[in-house]
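> So that we are looking at the same thing, I have put the structure below in structure tokens.
We did not get these values from a lab; they are worked out from the coordinates using the rules stated. Predicted model only: the values in this text are computed from it and were never measured. Backbone-built Cβ (ideal geometry, glycine too); neighbour counts: all protein chains shown.
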Amino acid sequence: MKPNQLSETATKLSPGSVPGAEQLERLTKREKQVLFWIVEGKTNGDIGRILEISPRTVEKHCESIFRKLGIENRYAAIVFALTSNWALKPE
């Protein structure tokens, strides 16, 4: 695809058709909460204290998030969430 075709395609995308939006919708409510706090730069321990769960449980949620989004780490999760135009909120 030529650069100008790519930009034309990107401008035609509606918010509901943004790449990645479908994958984010597969996340559970708790996984979305964990992802929100990952994007905010919180550690597993911080997220555990905020959500009143253990850091190990946060780690398991992270593993599930990474698997569902097809990514390998929290940095990729941050990029994925921010570039998918997901309306971030702690719920």
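> Just name one of V34, L51, C62: the one whose Cα is farthest towards the positive end of the charge dipole of the stretch 19-83 (beta-carbon charges, Lys/Arg +1, Asp/Glu -1).
L51
> Let me see the pair-distance distribution of the stretch 19-83: every alpha carbon pair, 10 Å bin width, integer percents in order.
24, 60, 15, 0
> Using packing as a proxy for protection, rank 62-71, 81-90 so that the peptide with the highest average count of other Cβ atoms within 10 Å comes first.
Put in order of decreasing packing, that is 62-71, 81-90.
> Could you compute the net charge surrounding T43? Neighbours are other residues with a C-beta less than 14 Å from the C-beta of T43; K and R count +1, D and E count -1.
+1
> So between T43 and R56, what do we pick up on full extension, going 0.36 nm a residue minus the alpha carbon distance?
3.5 nm
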